[in-house]
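Structure first, commentary second.
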Amino acid sequence: MIIVMKPGSTEESLSRVKEKIERAGLSYHLSVGENRTIVGVIGDKKVISSLEENMSALDGVEKAVRITEKYKLVSREFHPEPTVIDVRGFKIGGEELAIMAGPCAVESMEQLREAAAEVKKGGAQFLRGGAFKPRTSPYDFQGLAEEGLKMLREVGDEFDLRVVTEIVDLNDVELISKYADVLQIGARNMQNFRLLQAVGHGTKPVLLKRGLSATISEWLNAAEYVMSAGNENVMLCERGIRTYETFTRNTLDLSAVAAVKELSHLPIIVDPSHGTGRWQMVQPMARAAVAAGADGLIIEVHPHPEVALSDGDQSLTPKNFRATMDEVRKIAAIMGRK
Ligand code: PEP
Ligand code: MN
């Protein structure tokens, strides 16, 4: 249930509302907007329903509304203002589009440095790169592990880029947090609930990718796992879903951008690389994502895609990345963003 306070209602009436919630053994989450305060009530469903009528009658309360969806902290009803996540001074969900770019996997210092120099030139603020790779086959390159993390940090610092990298093991939160600025939860781990809770107990911003076959509701519930464990710095990432189509690796669901904006206050990033699996389609889908209202893009860029150890087919060359960014900037301007 959410309790919407009347505009200009007093501190005293808010205190009475909080008191009633606590006395019923429930907890709350406050969202203080410019002219309205919303109290989100969390806890046992039955207790909440029994409280509902009581609440609407309280002084200063405009209305009490039941929420049918299970996710609460994630929902826009709970938190009408869009969330902006500050990652070392860059505001994800703010006016400027977040551009995260780099290779699928960290392969070597030379490769990473070349990629970083190029994505920086193209206007990225974040360097992406996997050190722990959740590959479909156990015989494929699995990543450089901590060596790769060290390279990401060093090269990130060298080019003044924030670092985004994937976490696959719940015991690695501390290790990866030492090197990275954003922890990526991959599509294959979207419903790894222990992992979601582990990153939720930390404070590092989380990029939560949509599962291969996850509905929007399942995805938002996964985000709720992270937020309910205490970490409110969550951004979502649409990266394509499994459909009957085989021409593309996945079907990029750009309607998810509009859905997330309607249902949630969390920023949404689009990954046109995994979303299509084909470098030829990354540029048009990047443009479309920004037109649809995405808060940022995560794009695979490799200095030499033909020799990439993973995802070469969907990686942009530096030249194509720059061309993509030139076009994205034009769309961003139309959308009132930088
Ligand atoms: C990746 O970003 O390289 C990756 C493995 O993505 P996803 O989890 O979306 O497949
Ligand atoms: Mn990849």
Distance between segment 4-27 and segment 166-218 - C-alpha centres, whole angstrom: 34
Spatial separation of Cα centroids for segment 265-289 and segment 229-252, in angstrom: 10
Residue-span extension gain [Leu26 to Thr136] - 0.36 nm each, minus C-alpha spacing: 35.3 nm
Under 20 Å from the Cα of Lys120 - lysines, other chains or at least 8 residues apart: Lys91, Lys150, Lys319, Lys330, Lys338
Cβ charges +1 (Lys, Arg) and -1 (Asp, Glu), total dipole of the chain, debye: 500
Cα→Cβ-extended label distance, 7 Å offset, between Glu69 and Arg322, nm: 4.1
Inter-label distance, nm, simple model (7 Å from Cα along the C-beta direction), Ile42/Thr246: 4.5
Shape of segment 236-275, Cα gyration tensor, a/c cut at 1.5: prolate
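Computed from the coordinates by the stated procedures, all read-outs in this text should not be read as laboratory data. Fair warning: this is a prediction, and the values are worked out from it, not measured in the lab. All Cβ positions, glycine included, derive from the backbone under ideal geometry; neighbour counts span all protein chains shown.
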